Amino acid sequence: MEKLFPCMEIGSLKKPKWLTRVEKCQPVETEHVADMRAWAEELDINSSQLELLLKEPAKNLPEIAKWASLFAVRMQEQAGLDVIWNGEMWRSEMYEDPIGNTGGMNFVSDYSGTHVWGDNYYRAAECAGQIQFTKPWHLEEFLHAKSIAKKPIKVPITDAHTLGEWSYDSHYVKNKDAGGTRARRQEAKREFILELARGPLRENIKQLVANGAKIIQLDGPAAVTDLREYTGRLYDVPLFVEAFNEATKGIDAEFHSHICYPPEGGYELLFKYAMEMKKCAQFNLEFANRDLWSLGASADERPGYAALSVFKEHNDGRRVGLGVLDVHNDNTEPLFLIEDRLLYASKVLGDSALVIAVPDCGLRTRSLGVAHQKLCSLVAGADLARAVS
Amino acid sequence: MEVGAYLTGIHARSRELISARKHNNGVEEAHRRDAESLVALQQASGIERLVDGMLSWNSPIEPVASCLEGVEVPATNLRRWFNTNTFFHMPSVTGRIAYMPGSIREHVAAGVLPKKGWKAVLPAPYTFASLVDNKHYEDFNELMFDFARAQREMVRELIGEGCAYVQLDDPSLVYHPLRDSSSIKDVLPEIKNAVELVTRGQYARFSLHTYFEDASPILRDVFDFPVQDIGIDFTETDLKAISGWDSSKGIALGIVDARSSWMEEPARIAELARSILDKSGAKEAYLCPTTSLKYLPRELADQKVRVISETARRLGSGS
């Protein structure tokens with residue numbers, strides 16, 4: 001990208017009530033319609049057709065999801081982002097959709113009962129048979145987004161390592177008869193994750209690219225979950241890298257990798273291996289969550305970004321999508337704070353062209369209003385940083 | 001030898017409790033029902049040292065931190081819980097740590113437990129001190145000892161409420177992938193002193209549980225800790241480490257994997273348990289999950305409880 005500090009979203013936005021109510025077969029109330037109208041006015045969308053659809057929601061869910069995508073796209077365009085997505089309005093969430101459309105995987109409960117944090121859960125599945133590609137995960141969604149977007153789009157897809165890490169496995173593990181239980185688990189995990197990468201994930205990527213996708217972000221929040229060595233060598237991060245390469249090799253697209261919330265020291269370890277991710281042009285990373293809100297662009301003033309110096313040590317020219325918005329906090333980051341974070345990263349990496357402004361993660365846990373404010377601040381903060389660079 | 005069984009931490013919430021909490025509707029009642037059903041399950045399964053399931057706890061850290069002066073639990077600073085896909089808000093230590101009297105009671109569903117003889121699970125001093133953002137103490141040990149003093153008061157109150165068993169969870173003792181494993185040896189004497197601050201003279205039986213990683217490198221040292229039982233995650237720990245077990249310590253066999261939906265066959269794990277017990281020579285033994293069962297949906301977590309119960313029964317009957 002030619003301009004410095006271009007701005008991107010990471011993926012998900014909170015779904016509007018007028019969509020979630022329809023998804024749950026609940027009535028859309030007057031207040032939800034009023035909220036929709038307010039956003040339609042704000043985003044200059046003629047919503048009269050949507051209002052008709054909402055009168056008979058039961059038969060119109062796919063169309064209503066398309067409208068929600070339109071709102072998300074226009075919201076990001078209006079905020080001034082340079083690369084956008086549809087807020088994942090078509091997806092239940094980043095795990096359930098791909099896993100639900102993958103052969104060999106069965107959900108272990110009919111509700112989201114596996115805990116993540118606070119009152120956040122997901123619906124986990126177990127691998128009960130050979131992994132197989134069964135149907136495209138996101139192709140229709142992409143084609144729709146492409147048809148409505150006025151800016152370049154980036155398709156986020158959950159990577160194989162994370163899909164495997166968040167799943168239980170009772171298939172590959174039982175086919176292994178290695179010595180200890182840990183050895184058996186590790187070998188089974190490798191086989192499971194590489195099958196996901198080489199099979200359904202790769203096939204999905206190929207179909208998206210064949211249909212015009214230019215930028216694909218593989219979401220790997222589980223990349224640095226386990227930092228242990230096994231039989232004398234680090235195990236999990238190299239597996240994450242191997243799975244990324246297996247899924248992307250030989251495919252002509254720009255690939256990003258999104259990683260967030262590592263344990264202490266996780267980024268430092270990841271960066272030692274990250275340059276082996278051959279097709280990865282950009283690492284979109286969470287940092288703001290661990291940073292201070294006071295201003296300043298020195299190392300002491302930006303402790304949340306300490307791992308960047310390790311990235312710089314290993315970097316061979318890849319870009320960093322710098323998380324400058326904390327997605328778990330309703331307060332909007334001041335423009336000058338965003339500016340300082342971007343300028344600090346530029347200083348550490350030694351090249352402003354390597355710094356892209358992004359939120360820490362998808363903004364799905366914030367209200368649309370908060371997300372909009374934060375994204376507007378992101379763009380304005382990047383403008384400030386650009387003006388002095 | 002008779003082999004007992006117990007649960008080791010936060011249990012999975014039911015669909016109804018998840019929904020009640022999410023919609024902030026009937027939360028107290030849903031909590032009570034979930035805890036009651038878990039207690040009933042333990043009783044029906046012959047599980048000892050009953051736990052309330054800690055169903056209001058989102059992690060092992062935040063509720064304990066909220067009972068302390070000098071510690072703040074922020075809405076931000078979300079950190080990964082070891083090598084799991086669960087997270088906690090890392091507390092900030094901004095002043096001298098002290099226990100706020102009465103505060104731990106809010107986090108225990110004592111109403112669903114028998115009046116006496118139940119078990120509480122708390123983070124051990126070293127693990128707690130390792131997982132906070134220290135903005136106050138110049139010295140790590142000072143922080144750990146002040147926490148241990150505060151925890152001593154906390155435990156005393158729990159004992160007053162009818163608690164007879166206290167499990168101190170110390171995964172940080174074994175899971176430190178970015179540290180030289182020998183470096184933990186240097187601090188073990190201080191860690192032991194901190195545990196002693198909590199346990200000395202208290203009218204309860206204490207256990208120290210490690211999980212998520214092989215306990216064998218520190219096992220010999222932990223035998224010196226002033227606790228009666230030691231809990232080991234046997235999906236991670238090298239079985240060879242068990243020979244030479246200090247027979248004065250009870251052994252808690254974490255052999256039912258709390259992080260896998262794969263249901264162990266009681267006959268097979270009974271066999272494994274027998275071989276561990278033969279090697280260890282321990283005089284007292286308890287079957288348990290490797291760690292909290294919160295990593296599974298409720299139905300599977302409950303099924304694991306039944307697997308533990310059935311395994312204990314087989315061990316008891318010699319089948």
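Derivation of every value follows stated rules applied to the coordinates shown; laboratory data play no part. All of these numbers come straight from a predicted model, not from anything done at the bench. Virtual Cβ from ideal backbone geometry, glycine too; neighbours counted across all protein chains shown.
Computed FRET efficiency, Cβ-Cβ of B:K135 and A:E29, R0 56 Å: what is it to the nearest 0.05? If you can, show how the numbers build up before the last one.
On the way: r = 46 Å, r/R0 = 0.82.
That pair, B:K135 with A:E29, gives E of 0.75.
Once you average over the residues of B:172-180, how many Cβ atoms of partner chains fall within 10 Å of each Cβ?
On the way: counts 0, 0, 0, 4, 4, 11, 8, 1, 0.
Counting other chains' Cβ atoms within 10 Å and averaging over B:172-180 gives 3.
With point charges of +1 on the Cβ of Lys and Arg and -1 on the Cβ of Asp and Glu, referenced to the Cα centre of the protein assembly as shown, which listed residue (B:N77, A:I193, A:P334) lies farthest in the positive direction of the dipole?
Farthest towards the positive end: A:I193.
Could you tell me the relative contact order of chain B? Use alpha-carbon pairs under 8 Å, at least six residues apart, and round to a whole percent.
20
Note down the nm distance, to one decimal, between modelled labels 7 Å out along Cα→Cβ at B:S317 and at B:I159.
About 3.9 nm, to one decimal.
What's the magnitude of the charge dipole for segment A:100-185 around its Cα centre, counting Lys and Arg as +1 and Asp and Glu as -1 at the beta-carbon? Answer in Debye, nearest 20. Each step should come with its number before you reach the end.
Details: 11 positive and 9 negative charges, 64 e Å.
Using Cβ point charges on Lys, Arg, Asp and Glu, segment A:100-185 gives about 300 debye.
What average count of beta carbons from other chains do you get within 10 Å of the Cβ of residues in B:71-80? Walk me through the numbers on the way to the answer.
On the way: counts 0, 0, 0, 2, 6, 10, 7, 12, 7, 13.
If you average over the peptide's residues, the count of other-chain Cβ atoms is 6.
What nm value, rounded to one decimal, do you get for the distance between B:M263 and A:L52 when each label is placed 7 Å out toward the C-beta?
Going from the B:M263 label point to the A:L52 one covers 5.3 nm.
Evaluate the charge dipole of chain A about its Cα centre and quote only its size in Debye, nearest 20, assuming +1 on the Cβ of each Lys and Arg and -1 on the Cβ of each Asp and Glu.
Working: 46 positive and 56 negative charges, 154 e Å.
Value, rounded to 20: 740 debye.
Over the protein assembly as shown, what lengths in whole Å, largest first, do the semi-axes of the equivalent ellipsoid take, defined as the square roots of 5 times the eigenvalues of the alpha-carbon gyration tensor? Before the final figure, lay out each step's value.
Values: eigenvalues 373, 156, 138 Å².
Semi-axis lengths for the protein assembly as shown are 43, 28, 26 Å.
Using only the Cα atoms of segment B:241-319, build the gyration tensor, take square roots of its eigenvalues as a ≥ b ≥ c, and label the shape rounded, prolate or oblate: rounded if a/c is under 1.5, else prolate if a/b is larger than b/c, else oblate. Before the final figure, lay out each step's value.
Details: a/c = 2.39, a/b = 1.66, b/c = 1.44.
Prolate shape, in that a/c is at least 1.5 and a/b is the bigger ratio.
Under 13 Å from a point placed 7 Å out from the Cα of B:R15 along the Cα-to-Cβ direction: which residues of segment A:93-122 have their backbone N that close?
Counting only backbone N, you get A:108-114.
Using only Cα positions of segment B:4-109, each an equal point scatterer, no hydration layer, compute I(q)/I(0) via Debye at q = 0.13, 0.18 Å⁻¹ and quote the log10 values to two decimals.
Summing over Cα pairs of segment B:4-109 leads to -0.59, -1.04.
Only counting other Cβ atoms within 10 Å, I'd like A:I259, B:I269 sorted with the fewest neighbours first. Don't skip to the answer; put the middle values down first.
Details: A:I259 26, B:I269 22.
The order, fewest Cβ neighbours first, is B:I269, A:I259.
Roughly what % of DSSP beta bridges within the protein assembly as shown run antiparallel, to the nearest 5? Don't jump to the answer; show the numbers that get you there.
Values: 17 of 76 bridges.
Looking only at bridges with both residues in the protein assembly as shown, the antiparallel portion is about 20 percent.
Can you give the calculated 222 nm mean residue ellipticity of the protein assembly as shown, where each DSSP H run of n ≥ 4 adds -39,500 (n - 2.57) and the sum is split over every residue, rounded to the nearest 500 deg cm²/dmol? Provide the component values of the computation, followed by the final result.
Details: 23 runs with 275 residues, N = 708.
It lands at -12000 deg cm²/dmol.
With 10 angstrom as the radius, rank B:C163, A:C280 by how many other C-beta atoms surround their C-beta, starting from the fewest.
A:C280, B:C163
Taking the number of other C-beta atoms within 10 Å as the exposure measure, put B:K135, A:K214, B:K249, A:K24 in order starting with the fewest.
Numbers: B:K135 11, A:K214 15, B:K249 20, A:K24 8.
Final ranking by Cβ density, sparse to dense: A:K24, B:K135, A:K214, B:K249.
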